[in-house]
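The values are calculated or read from the model by the stated rules, or taken from the named source; none is laboratory data. A quick note: this is a predicted structure, and the numbers were derived from the prediction, not measured. A quick note on method: Cβ atoms are made from the backbone with ideal geometry, for glycine too, and the neighbour counts reach across all protein chains shown.
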Amino acid sequence: IDIKTLRSATGGVTTLDAGYKNTGSCESEITFLDGEKGILRYRGYSIEELAEKADFLEVSYLLIFGELPTAEQLDKFHSDIKKNSVVDDDIRKIVDSFPKFAHPMGVLSSLTSALTAFNPSSVNVDSEADMYNAIVKILGKFPVLVAWTMRKKQGLPLDYGDNSLDYGENILKMMFKQPNQDYHQNKIILNALNKLLILHADHEQNCSTSTVRIVGSSHAGLFASLSAGISALWGPLHGGANQAVLEMLEAIKQDGGDTKKYMAKAKDKTDPFRLMGFGHRVYKNFDPRAKIIKKAADEVLGDLGVKDPILEIAKGLEQEALNDPYFVERKLYPNVDFYSGIIYRAMGIPTDMFTVMFALGRLPGWIAQWREMRLRKEPIGRPRQLYIGKTERSFVFIDKR
Ligand code: ACO
């Protein structure tokens, strides 16, 4: 019996699955994830190998177009991105008009949405060529928006990038170049950025990616869909956890480093506090990204000669959780956000910019998922509900209520 016949025979069959814990929303060829075994692969390549050997732009190409690029393909891709890296000067005025206290994620999502207004040709993209143009545009302009978001907070001039540099080098220079000073690339920071961006680049149908796909399914443009995805990522249960983790670790440090007290709070069901950076909807084993990032945190801090007591607090919490029945029974392990903030901090990135860095890494994944959804001509996303409200009532005039 097909679904249409079933529906009309039963007056509508609907599954109810709050939080979509067991509902697939699409078929996808992009990212493979086995939460029980802790496996993550992009287009069949293991995350461990990509983080070790690949470059972020190569991985972006792989995610979006399905194959690792040849040197020629990568050159063309990068050159098209560079040609599109100018942001309309009026966007600079918008950045200037935000209050200094604005959260960078609010600024980034607004600026991404504003790009739609400044680039109307990127809205109705039906052909593959139109899609490609929209994709290289956003990959060119997004790092500028990220850098401006950070520089605005720091009161630094909003400069453009340097197109003679690699994609990652250019991002760092745009973020960190100080006025009237020479800028020197720091290889350790560059490698750390490359690794973090790759590890964040896609994670199948998470909250922000599902948002991008569902907004895009109404044929709203790519930039509008991405802006919605950025807002979804901002929440502390999702990407916003990286900021929340660092704030939590800092609070524990200020409080004398008493990790046991915070473990008890996290287990207390009358207390809304959760151990940020722990637990995952899909991983019921170690998040493979967290394993790589933990190792990288040790290496990067060591290479930079940074001694951060917060890293020790984080390791202590992890150790306690691994031996605590509450965490063991619920299969709560560190996720991608638990150690990433420690590296961002060592790189000199302010805490409230951490989720923006996550968005920068996730950009190619969101684009790949949006492109796949459009190429597969998926229908508009429109879930049903189980109505539990009042049944039919008659209107009562205001003087009779
Ligand atoms: N600290 C303490 N208890 C927790 C935690 C935590 N971090 N995470 C889950 N639990 C407990 C819940 O209280 C619940 O306990 P119960 O069965 O006794 O009621 C059980 O574990 C299952 O938790 P759910 O909230 O039902 O799991 P869900 O899959 O809906 O949530 C989530 C996953 C949102 C990631 C959750 O683990 C969480 O809030 N973690 C902290 C925030 C975080 O780190 N988010 C980043 C996730 S990674 C990412 O999005 C990039």
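Below, the figures for the structure above:
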{"read-out": "Test: residue in region 240-263 that is touching a helix residue (DSSP H, G or I) at 6+ places or on another chain (Cβ under 7 Å), under 21 Å from LYS141 (Cα atoms), of a type in the set (Val, Ile, Thr) and buried (at least 21 other Cβ atoms within 10 Å of the Cβ)", "value": "no"}
{"read-out": "Residue match in region 322-342 (condition: surrounded by fewer than 19 Cβ atoms within 10 Å (Cβ to Cβ) and touching a Lys or Arg at 6+ places or on another chain (Cβ under 7 Å))", "value": "yes"}
{"read-out": "Members of region 25-61 that are in a helix (DSSP H, G or I), farther than 30 Å from LYS331 by Cβ and within 19 Å of the chain's Cα centre (by Cα)", "value": "PHE56, LEU57, GLU58, SER60, TYR61"}
{"read-out": "Within region 29-53, considering residues that are farther than 17 Å from PRO364 by Cα and in contact with a Phe, Trp or Tyr (Cβ under 6 Å, 6 or more places away or on another chain), the one surrounded by the most Cβ atoms within 10 Å (Cβ to Cβ)", "value": "GLY38"}
{"read-out": "Selection count, region 220-235, where residues are at pLDDT below 95 and under 13 Å from PHE358 (Cα atoms)", "value": "0"}
{"read-out": "Hits in region 207-257 (condition: among the aliphatic types (A, V, I, L, M), assigned to a loop (DSSP other than H, G, I, E, B) and away from the ligand (no atom under 12 Å from the Cβ))", "value": "ALA220"}
{"read-out": "Filtered residues of region 363-401 (kept if of a type in the set (A, V, I, L, M), loosely packed, with under 10 Cβ neighbours inside 10 Å and out of contact with any Ser or Thr (no Cβ under 8 Å at 6 or more places or on another chain))", "value": "ILE388, VAL396, ILE398"}
{"read-out": "Single unsatisfied condition, PHE56 versus (1) of a type in the set (Phe, Trp, Tyr); (2) in contact with a Leu (Cβ under 9 Å, 6 or more places away or on another chain); (3) surrounded by fewer than 17 Cβ atoms within 10 Å (Cβ to Cβ)", "value": "(3)"}
{"read-out": "Check on MET357, buried (at least 21 other Cβ atoms within 10 Å of the Cβ), farther than 23 Å from LYS21 by Cα and either within 16 Å of the ligand (Cβ to nearest atom) or under 19 Å from the mean Cα position of the chain (by Cα) (or both)", "value": "yes"}
{"read-out": "So THR391, is it free of Cβ contacts under 8 Å to residues at least 60 places away in the same chain and farther than 30 Å from ASN124 by Cβ", "value": "yes"}
{"read-out": "Set LYS307, LYS315, LYS291: member being within 16 Å of the ligand (Cβ to nearest atom) and out of contact with any Ser or Thr (no Cβ under 7 Å at 6 or more places or on another chain)", "value": "LYS291"}
{"read-out": "Filter result (in contact with a Ser or Thr (Cβ under 8 Å, 6 or more places away or on another chain) and under 14 Å from ASN84 (Cβ atoms)) within region 120-129", "value": "SER122"}
{"read-out": "From the options LYS261, LYS269, residue that is within 9 Å of the ligand (Cβ to nearest atom), over 27 Å from HIS203 (Cβ atoms) and not polar (S, T, N, Q)", "value": "LYS269"}
{"read-out": "Candidate set: region 286-321, residues that are basic (Lys, Arg) and over 21 Å from LYS37 (Cβ atoms); chosen: the one surrounded by the fewest Cβ atoms within 10 Å (Cβ to Cβ)", "value": "LYS307"}
{"read-out": "Test result for TYR283, of a type in the set (Phe, Trp, Tyr), crowded, with 17+ Cβ neighbours inside 10 Å and in a loop (DSSP other than H, G, I, E, B)", "value": "yes"}
{"read-out": "Yes/no for PHE223 being touching a helix residue (DSSP H, G or I) at 6+ places or on another chain (Cβ under 8 Å), aromatic (Phe, Trp, Tyr) and buried (at least 23 other Cβ atoms within 10 Å of the Cβ)", "value": "yes"}
{"read-out": "Criterion (buried (at least 16 other Cβ atoms within 10 Å of the Cβ), touching a residue at least 60 places away in the same chain (Cβ under 8 Å) and touching a Phe, Trp or Tyr at 6+ places or on another chain (Cβ under 6 Å)) met by exactly one of LEU193, LEU197", "value": "LEU197"}
{"read-out": "Those residues of region 81-104 which are closer than 22 Å to ASN170 by Cβ and within 19 Å of the chain's Cα centre (by Cα), in sequence order", "value": "PRO104"}
{"read-out": "Within region 247-291, tally of residues that are free of Cβ contacts under 8 Å to residues at least 24 places away in the same chain and among the polar types (S, T, N, Q)", "value": "2"}
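Each row is one residue, and each column tells you yes or no for (1) hydroxyl-bearing (Ser, Thr, Tyr); (2) surrounded by fewer than 20 Cβ atoms within 10 Å (Cβ to Cβ); (3) in a helix (DSSP H, G or I).
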{"residue": "GLU72", "(1), (2), (3)": "no, yes, yes"}
{"residue": "VAL86", "(1), (2), (3)": "no, yes, no"}
{"residue": "ASN124", "(1), (2), (3)": "no, yes, no"}
{"residue": "ALA134", "(1), (2), (3)": "no, no, yes"}
